[in-house]
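Inspection log for the structure reproduced underneath, given as structure tokens.
The values are calculated or read from the model by the stated rules, or taken from the named source; none is laboratory data. No experiment lies behind these values; they were computed from the predicted model shown. Positions of Cβ are generated from backbone atoms using ideal geometry, with glycine treated the same way; all protein chains shown enter the neighbour counts. These accessible areas exclude ligands, DNA and RNA; they are computed on the full protein's heavy atoms, side chains included. Shrake-Rupley method; radii C 1.70, N 1.55, O 1.52, S 1.80 Å.
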Amino acid sequence: MSYVDDHLLPLAHNAHEVQLLGDSWSGIRYIAHTMAPSATSEVPSTRSRYINGALIPDIERHGDNPVVIRLCDEEFHSGETKPETIQECLRYFHRDGFVVLENAIDDNLVDRLYNRMVQDNSEFLKKKHMHWNQGASTGNVSQIPPLTPEWLHRDFYANPHMICVVENLLGPNPELRFINSNVACPGGTGRQAVHSDVSHAFPEIPFGLVMNIYLQDSDVENGVTEIWCGTHNAYPQSEQQISPRSGWIKKEYLQEQAKIKPPVQPKVRKGSICFRDLRLWHAGMPNKSDRHRIMLAIDYFAHWYQCPMTTKLPLSMKDQIQREWKGISTVGVEWVEEELNSLDVPFFLNMTQDPSQYLLQTEKGFQDPVGRQSGKYLFDSAKVTEDNYWTPEKKE
């Protein structure tokens, strides 16, 4: 991203330009490249100034990529998030339903967890209850990260910068209720259907967030998630989804939304925290590289939402977590006395407000409310076709 000094102000959002003010600079224009930074680029801290009574950044951020906001080194080392950073995160999250925060987790911690989870993956794929998300061709699995004290580092699950933003989005004491990850194994060829993680009648305001933390630099090559910015509040839930029990999006809505803002696979640096509204459209994509692409998935819910879902953590860490993981509520944590082997913990999901609507991973497949009544485990068994993702229209 290009850098401009305190004399520059936004001029034309669509033209991505800013004009130098002052008589001596009349007519001189500089182009501000505002696409999201690459997985390896260094971005200077955004300066702010007062304009019409508001404190705003000197550079408006635009482009098809989701906005990437990089914590400065002072924020990283102090653990204190600047008010300007919080405001910027909130602004673009509410607009796009997705925003990326860079430079929040030490690279050494990220590399260490990545290596451990790659090692775990070879064992996990042998488990009888292992399930390929939306078919084996995707090479995509949900794999719970290690849940022993050695691996439960605060900077992943209750990162102070992350929680600072979350509590400003959801209200005080956001509830930790889901710890998992999404692993795109090397050699995947298929893609997921475009979908929302919630298929029930959800509120029209943010009620739950998933924190996706990438454990390696990610882009199109290794299967970074396809994101549909702005779809978190674009259409009513019952109108956009193909059936009451599926979060998959109707083809006609994909085609129309792409005319407004097409989907993207952004470049995301390892250790970045991606804030995603649970209502946002997205899709897993194939990993064409020779290394695993691992993305943690940590869900927080607003206290007022009364989510019934729980996540398991070791009882031996209860005191430490409640003391050091500041700003969060652990009302959604099930404290387990015995040692937890995360690879044997069944996948459990319920983002509704109804305790009976849970989804449970079994050796027969995912058991949902319909499966519990019928005995037929059909959840996530539909085949992805061209009707389930955007296809660019051919020009005549």
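Below is a table of values for the structure above.
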{"item": "Degrees separating the helix 160-170 axis from the principal Cα axis of the chain, which is the longest one", "result": "90"}
{"item": "Once the Cα gyration tensor of the range 307-396 is diagonalised, semi-axes √(5λ) in Å", "result": "35, 20, 13"}
{"item": "For the chain, built as a Gaussian network whose Cα springs stay under 10 Å, the top-fluctuating residue of Leu360, Leu313, Leu71", "result": "Leu360"}
{"item": "Cα pair distances in the range 233-314, grouped into 10 Å bins until the bin that holds the longest one, percent each", "result": "11, 35, 36, 17, 1"}
{"item": "Karplus (6.51, -1.76, 1.60) ³J(HN,Hα), θ = phi - 60°, over the range 87-102, in Hz, Gly and Pro reported as x", "result": "4, 5, 4, 5, 4, 7, 5, 5, 6, 9, x, 6, 8, 10, 10, 9"}
{"item": "DSSP-defined antiparallel bridges as percent of all bridges, the chain, nearest 5", "result": "85"}
{"item": "In sequence order, calculated HN-Hα J values of the range 352-362 (Karplus, 6.51, -1.76, 1.60; Hz; x Gly/Pro)", "result": "7, 9, 10, x, 7, 8, 6, 10, 10, 7, 10"}
{"item": "Global form of the range 274-346, assessed from the alpha-carbon gyration tensor, a/c cut-off 1.5", "result": "oblate"}
{"item": "Accessible-area order (highest first, 1.4 angstrom probe) of the listed residues Trp304, Trp281, Trp151", "result": "Trp304, Trp151, Trp281"}
{"item": "Rg/Rg_ref, the range 93-183, where Rg_ref = 2.2 N^0.38 Å and atoms are Cα", "result": "1.27"}
{"item": "Counted charge near Asp106, where neighbours are those whose Cβ lies closer than 14 Å (Asp, Glu -1; Lys, Arg +1)", "result": "-2"}
{"item": "Angle between the chain longest axis and helix 107-124 axis [Cα atoms, degrees, rounded to 10]", "result": "30"}
{"item": "Charge sum, other residues only, whose C-beta stays under 11 Å from Val336's C-beta, Lys/Arg counted +1 and Asp/Glu -1", "result": "-2"}
{"item": "Projected-area average for the chain over all orientations - Cα convex hull basis, square nanometres", "result": "21.5"}
{"item": "Mean Cα-pair separation over length for the range 53-374, i.e. relative contact order, pairs under 8 Å, 6 or more apart, %", "result": "26"}
{"item": "Volume in Å³ per residue [convex hull over Cα atoms, computed for the range 191-240]", "result": "102"}
{"item": "Descending Cα extents along the principal axes, the range 140-296, whole Å", "result": "47, 42, 26"}
{"item": "Charge dipole of the chain about the Cα centre (unit charges at C-beta), most positive-ward option of Asn182, Val165, Ile298", "result": "Asn182"}
{"item": "Highest-fluctuation residue, Glu150, Glu204, Glu84 considered, GNM on the chain with Cα pairs under 10 Å", "result": "Glu150"}
{"item": "Under 19 Å from Lys376, Cα to Cα: aspartates and glutamates that are on another chain or at least 8 residues apart", "result": "Glu363, Asp368"}
{"item": "Net +/- balance of residues flanking Arg116 in space, Cβ distance below 13 Å, scoring K and R +1, D and E -1", "result": "-3"}
{"item": "Under the Karplus curve 6.51 cos²θ - 1.76 cosθ + 1.60, θ = phi - 60°, whole-Hz ³J(HN,Hα) for the range 140-146, x wherever Gly or Pro sits", "result": "10, 9, 9, 10, 6, x, x"}
{"item": "Fraction of beta bridges assigned by DSSP in the range 290-396 that are antiparallel (%, nearest 5)", "result": "55"}
